[in-house]
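The values are calculated or read from the model by the stated rules, or taken from the named source; none is laboratory data. All values reported here derive from a predicted model rather than from experimental measurement. In this analysis, Cβ positions are derived from the backbone assuming ideal geometry, glycine residues included, and neighbour counts consider all displayed protein chains. The accessibility values were calculated without ligands, DNA or RNA, using every heavy atom of the protein model including side chains. Shrake-Rupley method; radii C 1.70, N 1.55, O 1.52, S 1.80 Å.
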Amino acid sequence: MDENSSNTDGVKSGRRLRSGGRAANTARRGDTLFKQSPWRVPVNHDRPIEPLPEDGVIAIHNGAMHILEEIGIEFLNEEAQQLFKDAGCKVDGTNVKMGRDWVMDMIAKVPRQFTITPRNPDREITIGGNHILFGNVSSPPNYYDLDLGHKVAGTREQCANLLKLTQYFNCIHFVGGYPVEPVDIHASIRHLDVIYDKLTLTDKVAHAYALGKERIEDVMEMVKIAAGLSEAAFQSKPHMYTNINSTSPLKHDQPMIDGSLRMIRRGQAVVVTPFTLAGAMAPVTMTGAVTLSIAEALSAIALFQYVKPGCPCVMGTFTSNVDMKSGAPAFGTAEYMRATQITGQMARYYDMPMRASGVCAANIPDGQSIWETSNSLWSAVQSGTNMVYHAAGWLEGGLIASPEKFIMDCEMLQIIQRYMEPDIWDAQPDAIAIDAIREVGSSGHYFGIQHTQDRYQSAFHEPFVSDWRNFEAWEAAGAIRTPERAHKLFKDIIANFQAPPMPDDRHEELLAFVNRRKAEGGAPTDF
């Protein structure tokens with residue numbers, strides 16, 4: 001077995017994993033490298049864009065209900081089949097049909113808003129309402145950076161470095177799955193090492209993969225240990241979350257439903273996100289694809305509410321189109337944007353929180369990667385999304401994670417967060433500034449007047465990777481392009497990174513748990 005994967009304790013060298021002494025303060029330390037926005041949970045003040053008229057919303061709802069009542073959803077999980085039988089649904093083997101009245105009764109129990117509290121309560125996040133949260137890239141099997149110049153299979157070190165970026169940037173609010181899949185660690189113990197890194201290198205809300213009972217139970221126990229919680233305290237409110245995908249079309253698999261049931265029974269949050277590609281796993285029409293997606297999401301959420309009424313759930317969307325020439329997924333398209341906006345309408349119709357994504361199909365951190373990701377991020381804002389997965393670092397349709405792209409995306413996220421700050425549209429007399437306009441008149445300038453001097457330091461968004469100099473000044477400074485500037489920032493952040501504090505006793509207990517579970521074999525695999 002690989003040396004790095006066999007001894008978690010061995011990765012402590014070079015990292016500040018224990019408490020004591022000075023630990024990272026991202027707001028303070030960020031100022032030493034560049035100015036970044038302070039930590040906050042943004043509030044989206046804009047009215048959402050709603051492409052559908054009222055009868056369009058009803059048409060999609062009726063379509064989804066028809067699927068649930070007449071076509072059915074395949075549930076491969078035997079426990080779920082029995083639970084649906086107990087609830088009075090029609091179960092024929094793996095096929096489950098459920099009445100719309102029952103479905104609507106169940107999903108009415110979903111809380112409109114809830115919090116998730118990580119081991120650092122100052123990083124608590126609110127999901128629902130008008131809040132919008134951004135998470136890091138999750139689950140790519142490959143990694144790319146400018147030093148390499150090509151994509152490679154992910155490693156634990158690369159995964160840890162992306163976790164450090166996740167902790168460092170205040171515009172990232174929650175930690176998704178593995179920022180890159182560390183394939184140098186055997187799958188049986190991979191979750192133990194990566195969650196250990198996640199819980200020691202970050203203090204933000206953490207995700208667990210619902211991939212078999214051992215993995216999900218291990219991660220819940222590790223989150224509980226890291227936060228110093230009793231079982232009662234752990235179950236009293238959400239401290240972590242999982243995200244599951246249906247297997248489109250019209251199917252939920254065994255391990256994800258099993259993991260979700262284990263999570264909700266212990267009070268934790270579940271995001272249900274069908275992955276529907278129009279023209280491939282869903283109808284070629286976007287409203288047809290959304291209808292399929294809604295049916296898949298509601299079927300699982302209804303089950304979870306039947307098992308534990310009021311458990312925290314989020315309805316996700318990952319509906320896009322394919323390139324009809326190659327069959328490859330496309331992201332950040334006009335169709336993707338409209339599907340996200342339409343799903344936002346449906347989430348509000350069902351009165352539940354929503355998840356979307358920041359995604360692109362580009363292969364390297366170039367212009368295409370930015371306009372596609374910008375399209376997807378703004379569609380999340382426009383749709384009233386509450387959780388934005390993959391908001392920083394995603395390339396090649398989710399097959400590559402890139403630190404340069406991560407940092408470039410964080411620039412966009414800070415712009416979006418600044419866009420949401422009400423002082424930009426402040427219309428109080430002092431902001432309208434009639435006295436300042438009178439003082440300057442028609443022949444002066446505003447640089448030196450007191451009205452400007454009182455506000456200039458915080459008046460506008462200040463970029464950390466964009467270069468606003470003119471061409472001559474940019475050229476004289478070395479003509480450094482955006483990905484290269486992002487690469488240098490990546491190196492600086494990693495070189496100066498300090499992990500957030502964790503009490504020694506919790507760290508020792510966490511490490512002992514990891515080593516014990518490794519000795520027991522971790523999670524079973526077929527290789």
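For P179, what charge total do you get from the other residues with a beta carbon under 15 Å from its beta carbon, if Lys and Arg give +1 and Asp and Glu give -1? Kindly include the intermediate steps, with their values, before the conclusion.
On the way: positive: K151, R156, K164, R190, K198, K204, K405; negative: D145, E157, E181, D184, D193, D197, E396, E404, D409.
Residues near P179 contribute -2 overall.
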ask   = Under 26 Å Cα-Cα from K198, which lysines qualify once same-chain neighbours fewer than 8 residues away are excluded?
value = K12, K35, K151, K164, K213, K224, K237, K405, K488, K491, K518
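Suppose we take every Cα in the chain and form the convex hull; what volume per residue is that in Å³? Mind showing how you got there, number by number?
Working: hull volume 93.2 nm³, N = 527.
Cα convex hull per residue, to the nearest whole number: 177 Å³.
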ask   = Among 231-244, 398-411, what's the highest-first ranking by average C-beta atoms within 10 angstrom per residue?
value = 398-411, 231-244
note = To the nearest Å², the heavy-atom accessible area per residue of the range 319-398 with 1.4 Å probe amounts to 29
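Going highest first, how would you order 384-391, 322-329, 133-140, 479-486 by mean Cβ packing within 10 Å?
Ranked from most to least packed, the peptides come out as 384-391, 133-140, 479-486, 322-329.
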task = Note down the relative contact order for the chain as a percent, whole number, built from C-alpha pairs under 8 angstrom at least six residues apart.
result = 21
inquiry  = Along the charge dipole of the chain, pointing to its positive end and built from +1/-1 on Cβ of Lys, Arg, Asp and Glu, which listed residue (T319, N120, V270) has its Cα farthest out?
reply    = N120
ask   = Given a 1.4 Å probe and every protein chain left where it sits, what share in percent of the accessible area of the range 95-169 is carbon and sulfur?
value = 44
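Leaving ligands, DNA and RNA out of it, rank I189, I364 by accessible area with a 1.4 Å probe, largest first. Kindly include the intermediate steps, with their values, before the conclusion.
Numbers: I189 5, I364 75 Å².
Result of the area sort, largest leading: I364, I189.
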task = Please sort 415-422, 195-202 by packing, taking for each peptide the average over its residues of neighbouring beta carbons within 10 angstrom, highest first.
result = 195-202, 415-422
query = Ignoring ligands, DNA and RNA, what percent of the accessible area of the range 442-527 is carbon or sulfur (1.4 Å)?
reply = 53
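Taking only protein heavy atoms into account and a 1.4 Å probe, give the accessible area per residue of the range 91-141 in Å².
Numbers: 2040 Å² over 51 residues.
On a per-residue basis, 40 Å².
Full extension from A473 to R348: what is 0.36 nm times the residue separation minus their Cα-Cα distance, to one decimal in nm? Walk me through the numbers on the way to the answer.
On the way: separation 125, 0.36 × 125 = 45.00 nm, distance 4.89 nm.
Between A473 and R348, full extension yields an extra 40.1 nm.
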query = Percent antiparallel among DSSP beta bridges with both residues in the chain, to the nearest 5?
reply = 35
query = Excluding same-chain residues fewer than 8 positions from K97, which lysines have a Cα within less than 18 Å of its Cα?
reply = K85, K251
query = Counting Lys and Arg as +1 and Asp and Glu as -1, what is the net charge of the other residues whose Cβ lies under 14 Å from the Cβ of F75?
reply = -4
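Based on DSSP H runs of at least 4 residues, each adding -39500 (n - 2.57), what is the mean residue ellipticity at 222 nm of the chain after dividing by all its residues, to the nearest 500 deg cm²/dmol? Intermediate results must be reported in sequence, preceding the final value.
On the way: 20 runs with 228 residues, N = 527.
Computed mean residue ellipticity for the chain: -13000 deg cm²/dmol.
Among the helices of the chain (complete DSSP H runs), which have Cα atoms covering no less than 15 Å along the helix axis and a Kyte-Doolittle mean of at least -1.0?
Numbers: long enough: 54-66 (18 Å, 0.08); 156-168 (18 Å, -0.67); 187-201 (21 Å, 0.33); 213-227 (21 Å, -0.10); 254-265 (17 Å, -0.18); 286-307 (32 Å, 1.40); 334-350 (24 Å, -0.68); 367-383 (24 Å, -0.39); 403-419 (24 Å, -0.14); 482-496 (21 Å, -0.61); 504-519 (22 Å, -1.24).
Membrane-span-like by this rule: 54-66, 156-168, 187-201, 213-227, 254-265, 286-307, 334-350, 367-383, 403-419, 482-496.
Where nothing but the Cβ of Lys and Arg (+1) and of Asp and Glu (-1) is charged, how large is the charge dipole of the chain around its Cα centre, in debye to the nearest 20?
Working: 50 positive and 63 negative charges, 170 e Å.
Charge dipole of the chain: 820 debye, to the nearest 20.
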